[in-house]
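Chemist: Just passing along the structure, written as structure tokens.
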Amino acid sequence: MSNETNALAQIHRQIMWNRLIAVVEEQAQIMIRTAFSTTVREAGDLSAGIFDLHGRMIAQAVTGTPGHVNSMAESVGHFLKKFPTTVMRPGDHYITNDPWLGTGHLHDLTVVTPAFHDGQIVGLLANTAHVIDIGGLGMGPDGRSVFEEGMYIPIVRCFEQGKPNETFFDFIRAGSRLPVELEGDIYSLCACNDAAVHRLSEMMGEFEMTSLDPLAQFIFDSSRRATLAEIAKIPRGSFDNEIFSDGYDEPVRLSARMTILEDAIEVDFTGTSGLSPRGINVPPAYCRAYSCFGIKCVVAPEVPNNWASLEPFRMKIPEGCILNAPHPYPVSVRHVTGHLLPDLMMGCLHQVVPDRVTAEGSSSLWNPPLKGGSSVSGQARGNRPVVGDFEIITFNSGGTGARPGSDGLNATAFPSGVRTMPVEATENVAPIIIWRKELKPDSGGAGHTRGGTGQIMEIATKGDLEYAVNASFDRIAHAPKGREGGLEGGNGVVTLKTGKKLRAKGFQVIPDGDRLILELPGGGGMGDPTTRDPAMVALDVRDGLVSVENARTLYKVAVTAEGVVDSVATTTLRG
Amino acid sequence: MPSARLAVDIGGTFTDLALEHDGRLTTVKVLTTPSAPEQGVMTGVATILRQSGVAVGDIALVIHGTTLATNAVIERKGARTALITTEGFRDVLAMGNESRYDQYDLNIQLPEPLVPRHLRLPVAERLDNTGKVLTPLDEAGLRALIPILQREQVESIAIGFLHAFVNPVHERRAAALLAEALPDVPVSLSSDVSPEMREWERFSTTAANAYVQPMMARYLRRLESDLRAQGLVAPLFLMMSGGGLTTIETACRFPIRLVESGPAGGAIFSAFVARQCGLDNVLSFDMGGTTAKICLIDDGKPQTARTFEVARVGRFRKGSGLPLRIPVIEMVEIGAGGGSIAHVDAMGRIGVGPESAGADPGPACYCNGGTRPAVTDANLSLGRYDPTRFAGGTMRLDPAASHDALLAHVGARLGLPAEMAALGVVEMVDENMANAARVHAIESGKTHDNRTLIAFGGGGPVHGCRVAEKIGIRRVLIPSGAGVGSAIGFLRAPVAYEVVRSLYQRFSSFDVAGVNGLLNAMRDEAAASVSLGSFGAPVTETRIAYMRYVGQGHEIPVPLPARDLIEADVGLIRAAYDREYTRFYDRPVPGSDVEIMSYAVVVTTVVSDAAPMPTAPTGGADATPVERRPVRDTVTGAVSDWAIFDRSALSGGARIVGPAIVAEDETSTLIGPGWTASLNGLGYIEMVRESV
């Protein structure tokens, strides 16, 4: 009988683990449904999780984006340092947007809420969300310190035993261009934690639990064992890689030495460029988050995220490098640099498990913050009209790197998990016309498998009146590289329609009568392009994604524009 | 005067028929004939007429639902389709929302668009968001596409231009030009099929409509003529995904509205049962062989939505299918059915589904080649089924095969005996379904407080009690006829049509006359469609505005009065919005302007309401079991002798105290410990959980 009891206990632990993930998934869904910021509701830029009393993450919602997920996992410990569990009361909520204690820039709010059951504190719920406006310069690289980038919220109690801290909310409302949305978002973050606290208590009642610790230990043990088993499949050794980002006004080198140990993977970022005077610097938690994400996608994608499954991935980030920005360096668009880290990690892993990584991709999102009207052009005067006031940001992606067994994804976000907005919706909220948004031929890096193609956008205001872009684009001077003989993806291009080249980063004006052209990068190819199945090349040519010339010169396939392969000529070309 | 009504539901494996005549119901299941589905239908019709003794001339109405359109999209067996679209936007179908539905899977595959790039043909034209022409339609450029369409042997054409839902002038002109040159090729316009904002969803819906249109039109005409050849003179109606019926003419124009009509029938069946029994808050739980479908039913009406995903490539993952923007009954479908296969993951956790053994080879106990354990194997291993009585005794199950499969694939990996592995599998699948139901309620802004779970399908009655316990629901109802619920649901559906249009408005500048003009035109369109099949029956009209705070991501539906609006209404509508918003999100946002994105008008015939439920005899004695059998309880793990009852032998008012099982031909109803069951006045099994 005791065997059966043990068996039942084992099954119940599994069911409870499953339920705990459901609790945090409900937490994330409530946030999506109630948040005001379109970045949360439409784009899905958020995360949610539950932590033990030592600040270790036990479970995390499947819904969410990697930068938030892994850096939030570190954040709760900082809250506990300032507010130990002994001072926390039911109905309290704690908040920060400190880039160094949260998820890397002021636009991300993190809220932590103690969970009580039967009068005892049993755990902590946390979530993170990207809000639309936090005052300051707004999203963009131009700030020279974090003080210019927006309102700074240290870790404070925003609700005390269910009562809002009105002084805090007064400051919040006064400091944002969108006070209603910001306040609404904070209420929504607190409300979704409240719901999870309630659901957790129900669960503990149903399973007759008095503490989360035994369940947490079971989850940690199972996850660590599974992660270590996956690490053990990777041959030992140290592997170096470097990639370059365009930087603000000079290139940035990202260097890594990855060492695969028996029970851990360590990454040392020595050799990485120093800090930038502009907001492309990366706080260390964000560096760890995206590096860890890149490794985990390759090594142990099936293991759920928690303290134990993330712990074996350890980062050593030298002081003074751009990946370890100290306060008060500017960090607003840290994602432009940080999104390249999975490519950097996969370049190391490629040397040891080449059939499990992808080629480099476009990686950094191309999110142009656009703005027009009197703040750009002043008042209309005489016969010079000025476009109506607007501020808007759109999310767009280039191509992902080719995979070992399949082509990269065309115009798809990776590593970011965000979604784009429909053009029709964008044109309804701002006086702009997007004249073109479609795939860019010949931008996917040639290879045995092809890199995902980038895209071209042509953006104007109604009537082609003057407006401005706060550029934060990358992969213009440094195109995504291929692997195994695969070629580079197409690099990014930023120009005016009349031909003038624009800078990759910073505030720039598109004059009357002109339009902004964005050509987003394509992903790198994988493997020798002359080994690609000619039928696949022919399909790409017929679809207009690869030109007849590139088919001939890069893939060595003779094919007509209609996709008819000349096999004899192809054999000759391929020798 | 003919009065019988016949419903036909074509599913993947079976075609179900239900015939209602003189207050009696006859049901029949025949095999689906995929290559020519009308053959299976004709076999079924002949069978059901013979069994019921009804003459073909007595049939007054035929209602039909089918998965054919869905299957054509899933299996990519539709027409060779081209999309004519705005220059600069050739790749809307391929780019979607530029996201991945799985964050960690590097090898993720996204769904291929129904129209390949070389058949997505751009033409110069452009409107702005108000419908103003920025670039006129390039008619010469359009004519130049005609030889390409001919050379590529295109069988169906979709036209999708930006902002065409505001002003269809270019789409209509393009259609006219194409019709001159290609009179035999059907054309679907985005401004007709799905006239709403958001180009990806609209073009995707239009392309899917064009893709299934030729095949569905041919099939429906064939079916109609076969039925006529059998002497059937009754009109033929089609079940739509939104829960209403429509005529064959409308179905041939907008066949995309027929997807998922089977599950919609199931939800209507549940809603009817809810009305019969006077239940205001219901969770409909339909568990079949491959999936479980969950639907919230409040005040006797299934929850509806305007978007749906078809042909998900990522194993039921949200975001992995093609979006359709059509009126649908809102359901969550998860990969949890009797055939769902159990496994153990890298963390040593039991997982169930979404992979399914289906009907072939089926669970291991079918002894038909399946070696991996399915949910049915786990149920059998726990003692929940009589192996000699499965599917009315037509199929003998082998408990030893279940035992071996459970031990080999689950037990051995976790150090559990087969019976405990079975317990783990069943608990996990119940947990998954309960979690899906909880999250669905949250997404809908609702709770499960005081709901009744109505369980049907082959697996619903077996799992209903435990799923209810996990959600916190204390009442479960198992209606009769649960095996052909969808077909019965068809008989309860009204003739209805929903028209949706976008007209962007802010409250600060509300155009009363403009909105009235639009809503009245929408009403006329919906009423015209319904009048084809209502034969003068009384109709009702519902008007809804989809509204949100300026800049917010999601709209909420707010009812409007079904008449011309006057200026004084504007403030009332705004107040109604604040009320609805508070209901969803707890508090309104002071000081924010509100925008209206679109409107819906539904015209529907009035369905004669369910007759009041006869009172069940009270004080009935405890029912007598036909046998006792050892069954393992999934909560305690203990084995004890459970009483087994035969449903056909139960009489009204009979009372059963759990644990017990009520067996019938198509399924078994499990009454867990702590639950008490009785037959209500309609013969449905009603289970109540005692307070704990």
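Derivation of every value follows stated rules applied to the coordinates shown; laboratory data play no part. Remember, it's a predicted structure, so these values are computed and weren't measured experimentally. Backbone-built Cβ (ideal geometry, glycine too); neighbour counts: all protein chains shown.
Chemist: Can you show me the helix-derived [θ] at 222 nm for chain B, built from DSSP H runs with n ≥ 4 at -39,500 (n - 2.57) apiece and divided by the number of residues, rounded to the nearest 500.
Modeler: Helices in chain B give a 222 nm mean residue ellipticity of -9500 deg cm²/dmol.
Chemist: Quick check for you: which residues of the range A:531-548 have the amide N under 20 Å from the point 7 Å beyond the Cα of A:V564 toward its beta carbon?
Modeler: A:534-548
Chemist: Whole-Å semi-axes of the range A:430-514's equivalent ellipsoid, largest first, each the root of 5 times a Cα gyration tensor eigenvalue?
Modeler: Gyration-tensor ellipsoid for the range A:430-514: 30, 14, 9 Å.
Chemist: Taking GluC sites (Glu not before Pro) as candidate sites, keep only those in a DSSP loop with at most 11 other Cβ atoms within 10 Å, then name the longest stretch of chain B containing none of them.
Modeler: B:76-689
Chemist: Which of the pairs B:K301/B:K470; A:K462/A:K505; A:K82/A:K371 have their Cα atoms more than 30 Å apart in this structure?
Modeler: Correct reply: A:K82/A:K371.
Chemist: Ok, one more. How big is D for chain A, in µm² s⁻¹ as a whole number, if Stokes-Einstein is applied with the Kirkwood radius of its Cα pairs at 25 °C and 0.890 mPa s?
Modeler: 98 µm²/s
Chemist: Right, something else. What percentages, rounded to whole numbers, describe P(r) for the range A:2-223 computed over all alpha carbon pairs with 10 Å bin width beginning at zero?
Modeler: Each 10 Å bin holds this share of Cα pairs: 8, 35, 35, 15, 6, 1, 0.
Chemist: Something else about it: What does the helix-only formula give at 222 nm for chain A: each DSSP H stretch with n ≥ 4 adding -39500 (n - 2.57), the total divided by the residues, and the result rounded to the nearest 500 deg cm²/dmol?
Modeler: Calculated mean residue ellipticity at 222 nm is -9500 deg cm²/dmol.
Chemist: I'm checking a number: the convex hull volume of the Cα atoms of chain B, normalised per residue, in Å³. What is it?
Modeler: Dividing the Cα hull volume of chain B by its residues yields 175 Å³.
Chemist: Two decimals is fine: what is log10 I(q)/I(0) at q = 0.09, 0.10, 0.14, 0.18 Å⁻¹ for the range B:262-493, from a Debye sum with one equal scatterer on every Cα and no solvent?
Modeler: With one equal scatterer per Cα and no solvent, log10 I(q)/I(0) is -0.37, -0.46, -0.88, -1.33.
Chemist: Sticking with this structure for a sec: What are the trypsin sites (Lys or Arg not before Pro) within the range B:333-417 that DSSP puts in a loop, where the Cβ has at most 16 other Cβ atoms within 10 Å?
Modeler: B:R396
Chemist: Tell me, what is the percent relative contact order of chain B, built from C-alpha pairs under 8 Å that lie six or more residues apart?
Modeler: Taking the mean separation of contacting Cα pairs over the length of chain B, I get 11 percent.
Chemist: A further question follows. Hey, what did chain A get for relative contact order, percent, Cα under 8 Å, at least 6 apart?
Modeler: With pairs under 8 Å counted, the relative contact order is 12 percent.
Chemist: Let me understand the range A:9-81 better: what is its radius of gyration from the alpha carbons, and its Dmax, in angstrom?
Modeler: Just the Cα atoms of the range A:9-81 yield Rg and Dmax of 13.5, 43 Å.
Chemist: Select from the range A:228-325 those GluC sites (Glu not before Pro) which occupy a DSSP coil region and have at most 14 other Cβ atoms within 10 Å, ordered by residue number.
Modeler: The qualifying sites are A:E262, A:E302, A:E319.
Chemist: Let me ask another. Which of A:G55, A:N18, A:S397 sits closest to the plus end of the dipole of the protein assembly as shown, meaning its Cα is farthest towards the positive end, when Lys and Arg get +1 and Asp and Glu get -1 on the C-beta?
Modeler: Comparing the listed Cα positions along the dipole, A:S397 ranks first.
Chemist: Further, regarding this structure: Could you work out the equivalent-ellipsoid semi-axes for the range B:627-689, taking the square root of 5 times each eigenvalue of the Cα gyration tensor, largest first, in whole Å?
Modeler: The three semi-axes for the range B:627-689 are 20, 13, 9 Å.
Chemist: Looking at B:G362, A:S364, B:V41, which one has the Cα that reaches farthest to the positive end of the dipole of the protein assembly as shown (charges on Cβ: Lys, Arg +1; Asp, Glu -1)?
Modeler: Highest projection toward the positive end goes to A:S364.
Chemist: If the only charges are +1 at each Lys and Arg Cβ and -1 at each Asp and Glu Cβ, what is the size of the charge dipole of the range A:105-247 around the Cα centre, to the nearest 20 debye?
Modeler: 320 debye
Chemist: List the residues whose amide H sits under 5 Å from the amide H of A:G136, counting only those 5 or more places along or on another chain, with H placed 1.01 Å from N in the peptide plane.
Modeler: The answer is A:M151.
Chemist: Also: Calculate one ³J(HN,Hα) per residue across the range B:230-237 by plugging θ = phi - 60° into the Karplus curve 6.51 cos²θ - 1.76 cosθ + 1.60, and present them in order as whole Hz with x for glycine and proline.
Modeler: Once θ is set to phi - 60°, the couplings for the range B:230-237 become 7, x, 7, 9, 5, x, 10, 10 Hz.
Chemist: Take every Cα-Cα pair in the range A:512-560 and report what % of them are more than 18 Å apart.
Modeler: 39 percent
Chemist: Note down the magnitude of the dipole of the protein assembly as shown about its Cα centre, charges +1 on Lys and Arg C-beta and -1 on Asp and Glu C-beta and zero elsewhere, to the nearest 20 debye.
Modeler: 780 debye
Chemist: At 0.692 mPa s and 37 °C, plugging the Kirkwood radius over alpha-carbon pairs of the range B:77-210 into Stokes-Einstein gives what diffusion coefficient in µm²/s?
Modeler: Value of D from the Cα-based Kirkwood radius: 217 µm²/s.
Chemist: Also, I was wondering about something else. Where nothing but the Cβ of Lys and Arg (+1) and of Asp and Glu (-1) is charged, how large is the charge dipole of chain A around its Cα centre, in debye to the nearest 20?
Modeler: The dipole magnitude comes to about 840 debye.
Chemist: Just counting partner chain Cβ atoms within 10 Å, what average do the residues of peptide A:19-32 show around their Cβ?
Modeler: Average neighbour count from other chains, rounded to a whole number: 3.
Chemist: Here's another thing I want to ask about it. Given N residues in the protein assembly as shown, what is its alpha carbon radius of gyration divided by 2.2 N^0.38 Å?
Modeler: Here the Cα radius of gyration is 0.93 times the empirical estimate.
Chemist: In the range A:204-290, which chymotrypsin sites (Phe, Trp or Tyr not before Pro) fall in coil by DSSP and have 14 or fewer other Cβ atoms within 10 Å?
Modeler: A:F207
Chemist: Of the options A:G489, B:I671, A:F116, report the single residue whose Cα projects farthest towards the positive end of the charge dipole of the protein assembly as shown (beta-carbon charges: Lys, Arg +1; Asp, Glu -1).
Modeler: Going by the charge dipole, the pick is A:G489.
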